[in-house]
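Structure, as structure tokens:
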Amino acid sequence: MTGFAALERQDLADLLAEVGPDAPTLCAGWRTSDLVSHLVLREGRPDAAAGIVAKPLAGWTKKVQDSARARIPYPELVERFRS
């Protein structure tokens with residue numbers, strides 16, 4: 001990861017931590033908890049991340065993302081994204 005990308009990641013993680021799990025995002029219908037669980041999933045679960053680009057797998061991706069958001073506390077999701 002480039003230095004700029006690492007700084008951007010830290011800034012986003014700081015902002016996510018500051019605003020909390022229920023802040024709105026620019027993604028229609030998503031809250032910050034949706035966004036951070038999506039980002040963690042995209043990087044840590046390649047089996048589930050496939051649904052981001054392959055529409056037939058979108059249901060699986062949503063299920064895994066919703067599960068992560070439900071069972072992993074928001075601060076931990078933010079820290080997983082940060083690292």
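The numbers here are math on the coordinates, done by the rules we state, and not lab data. Please read all numbers here as calculations on a predicted model, not as lab measurements. Backbone-built Cβ (ideal geometry, glycine too); neighbour counts: all protein chains shown.
Along each of the three principal axes of the Cα atoms of the chain, give the extent in whole Å, ordering the values from largest to smallest.
Taking the Cα atoms of the chain, the three principal extents are 34, 29, 23 Å.
Based on Cβ point charges of +1 for Lys and Arg and -1 for Asp and Glu, what charge dipole magnitude is obtained for the chain about its Cα centre, in debye rounded to the nearest 20?
Dipole of the chain, to the nearest 20 debye: 420 debye.
Which whole-Hz ³J(HN,Hα) couplings does the stretch 16-23 yield from phi under the Karplus relation 6.51 cos²θ - 1.76 cosθ + 1.60, θ = phi - 60°, glycine and proline marked x?
Here the 3J(HN,Hα) series is 4, 5, 5, 7, x, x, 10, 6 Hz.
Step through the residues of the stretch 38-52 one at a time and calculate ³J(HN,Hα) from phi using the Karplus curve (6.51 cos²θ - 1.76 cosθ + 1.60, θ = phi - 60°), rounding each to whole Hz and writing x for Gly and Pro.
4, 5, 5, 4, 4, 8, x, 10, x, 5, 8, 5, 4, x, 5
Please list, in order along the stretch 70-83, the HN-Hα scalar couplings obtained from phi with the Karplus expression 6.51 cos²θ - 1.76 cosθ + 1.60 (θ = phi - 60°), rounded to whole Hz, x for Gly and Pro.
Per residue, the Karplus-derived 3J(HN,Hα) values read 7, 9, 9, x, 3, x, 5, 4, 4, 5, 4, 5, 4, 8 Hz.
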